[in-house]
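Here's the structure we're looking at; comments come further down.
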Amino acid sequence: MKIALSQLNYHIGNFEENTSKIIESIRRAKKEKADLVVFSELAVCGYPPLDFLEFGDFVKKCKTSIDTIAKECNDISAIVGAPSVNPVLKGKNLFNSAYFLQDGKIKDVIHKTLLPTYDVFDEYRYFEPNKKFACIEVNGETIALTICEDLWNEEDDPLYTFCPMDELIKSSPKFIINIAASPFDYVHSEFRKAILKRNVLKYELPIIYVNHVGAQTEMLFDGGSLIMNEKGEVLNELKYFEEDFLVIEVPSTKYQVPSKEKKYKSKIEKIHSALVMGVRDYFRKMNFRQATLGLSGGIDSAVVLVLAVEALGKENVFPVMMPSQFSSDHSVNDSVKLAENTGVTCHTIPIENIYDEYISATKPFFKGLPFNVAEENIQARIRGTLLMALSNKFGYILLNTSNKSELAVGYGTLYGDMCGGLSVIGDVYKTDVFELARYINRNKEIIPSTIITKPPSAELRPEQLDTDSLPPYDILDKILFQYIEQHSGPQEIIAAGYDEQLVRRILKMVNTNEYKRFQAPPILRVSPKAFGLGRRMPIVGKYLS
């Protein structure tokens, strides 16, 4: 039997485009003589559809799309993910389902049993868990059809009390198919393979796994669909961060073919590819074309500029330099050089006179008070206002350039440098931003080396450095990682060897600046715990005080 794996980039709620892509893949699979073509979880509507699932019309369009796709399934079978209506009045209105299409109609519908409700997932809000178990049959082969999380209850996972495969194995399937919507983070692909391998070894069955690829605003999907034999060896793996298609022969005997596993060399390489895909898909799916950003001469805006150029093309990115009396000559020169290296057209709007007008207007109120963060934030808000004016006038989308370290401790200005339609590096710690810059320069110098080597500064007052307000980033980021990603409390972090006063100061900054992050743009998620969709914290919480 020949099976096609179709790894596609879906657009949430875009039924016409999604259905068209699926049908195109079915026709391609027919041409390549496949018996079965497999698509990913909730392929018809895109993942995650969230509260769109509460609209009856949205659910009806899902079913209409399935019916349209089923008509293409003559001389071929297909597995397609979509929601289905729960006919029982008690319980949730919907199932998260895999439709088995054959002979031009819906042959069977398999429902998801284990519904993740953690981090970025909230499936139990919408779906009823499955309670009936049956395999499907294609060309005389019995197949255990599972949906994403249904394979994740292994090694006594405390989240779940039931294992769907323990039921399906009773039907003596020849192999497992798992359709998934497994989001990217920089450690997840290896963890995902480990989960699949443990299932393979436990049930002594090969697995065909099909994942989403593409970005759905914050949530990024890396693809990496694969075939794994009964020994846990990856036989073939589809591309990462790209659509892909593969037809494989599934013999009735054991798999005995060499591995074609794809490997990323580093965490930074993964993050780079994910961010470029995230920016590109956000613009394409929102029907935006052009971006703007403030170019300061610092490393954050430099990295965002390069990522934007890679994603959108140099002709669609319009950076703006907005120097004040506090901007250094080297920052201006570095920005000019960066613009030349990337081929973008960079504009300059000096803000010194505008800033002086603000100072004059506030003088009666500020009279006799020392220069402080108020005057610094005026500069940031002038720049934010100018960038938003350009956005409104020309339809540019403003890219936010704040990094995760700054967002964590509130080292940013609301309605100033925190403005934007999309936060590109808001889930990237400052130390990793430096690594991204070095990766960008791996073949030739694109970001001027002086941007990478000079001490970070907001340049909002004379001779300002980030270390005036913050500990060095190599220390700060390690403490933040333990608190945010690893959920370590203050005593655990202190016990790891960090100064108690410093730890409590940093954690207090994280907690008291939750209100700022609540108003931040959507952040492209690349870590196991990003601000935004997957991290829910109270704004007025008093923990650690």
**Report entry** Selection from the stretch 77-128 of residues that are surrounded by fewer than 17 Cβ atoms within 10 Å (Cβ to Cβ) and closer than 18 Å to SER25 by Cα
**Finding:** ASP103, GLY104, LYS105
Query raised in the report: Could you count how many residues in the stretch 72-87 are at negative phi and over 32 Å from the mean Cα position of the chain (by Cα)?
Result: 5
**Report entry** Selected residue (only one of ALA380, ALA311, ALA302 is in contact with an Asp or Glu (Cβ under 6 Å, 6 or more places away or on another chain), assigned to a helix (DSSP H, G or I) and surrounded by 15 or more Cβ atoms within 10 Å (Cβ to Cβ))
**Finding:** ALA380
**Report entry** Residues (of a type in the set (A, V, I, L, M, F, W, C) and part of a helix (DSSP H, G or I)) located in the stretch 411-452
**Finding:** VAL433, PHE434, LEU436, ALA437, ILE440, ILE451, ILE452
Query raised in the report: Going by the conditions given, is ARG280 among the basic types (Lys, Arg), at pLDDT 95 or above and surrounded by fewer than 19 Cβ atoms within 10 Å (Cβ to Cβ)?
Result: no
Query raised in the report: Pairs, please: C-beta under 6 Å, at least 6 apart or cross-chain, first residue without any contact (Cβ under 8 Å) to a residue 24 or more places away in the chain and in the stretch 213-240, second surrounded by fewer than 24 Cβ atoms within 10 Å (Cβ to Cβ) and assigned to a loop (DSSP other than H, G, I, E, B)?
Result: none
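Hey, among GLU514, GLU459, which residue is more than 29 Å from the chain's Cα centre (by Cα) and either among the hydroxyl-bearing types (Ser, Thr, Tyr) or under 19 Å from TYR411 (Cα atoms) (or both)?
Working: GLU514 fails: more than 29 Å from the chain's Cα centre (by Cα).
Testing whether each residue is more than 29 Å from the chain's Cα centre (by Cα) and either among the hydroxyl-bearing types (Ser, Thr, Tyr) or under 19 Å from TYR411 (Cα atoms) (or both) leaves just GLU459.
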Query raised in the report: So which residues in the stretch 453-474 are modelled with pLDDT of 90 or more, over 21 Å from TYR186 (Cα atoms) and not in a loop (DSSP other than H, G, I, E, B), if there are any at all?
Result: THR453
Requested in this report: State which residue is farthest from LEU238 (Cα to Cα) when the search covers only the stretch 38-77 and only residues that are of a type in the set (D, E, K, R) and not in a helix (DSSP H, G or I).
Outcome: LYS71
Query raised in the report: So which residues in the stretch 86-126 are closer than 15 Å to ASP51 by Cα, not hydroxyl-bearing (Ser, Thr, Tyr) and not in a loop (DSSP other than H, G, I, E, B), if there are any at all?
Result: LEU94, PHE95, ASN96, GLU123, ARG125
Query raised in the report: How many of the residues making up the stretch 9-31 are aliphatic (A, V, I, L, M) and over 16 Å from THR68 (Cβ atoms)?
Result: 2
Report task. Go through the stretch 181-238 and give me each residue that's of a type in the set (Val, Ile, Thr) and outside any helix (DSSP H, G or I). Result -> VAL187, ILE207, ILE208, VAL210, VAL213, THR217, ILE227, VAL234
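May I ask you to list the residues in the stretch 94-120 that are in contact (Cβ under 8 Å) with a residue 12 or more places away in the chain and more than 21 Å from ILE3 (Cα to Cα)? Even if it seems obvious, please write down each step before you answer.
From the stretch 94-120, those in contact (Cβ under 8 Å) with a residue 12 or more places away in the chain are 94-116, 118-120; that's our starting set.
If the condition is that a residue be in contact (Cβ under 8 Å) with a residue 12 or more places away in the chain and more than 21 Å from ILE3 (Cα to Cα), then LEU94, PHE95, ASN96, HIS111, LYS112, THR113, LEU114, LEU115, PRO116, TYR118, ASP119, VAL120 are the ones that fit.
The values are calculated or read from the model by the stated rules, or taken from the named source; none is laboratory data. The structure presented is a predicted model; accordingly, all values stated were derived computationally and were not measured. Quick reminder, even Gly has a Cβ in these numbers, built from the backbone with ideal geometry, and neighbours come from all protein chains shown.
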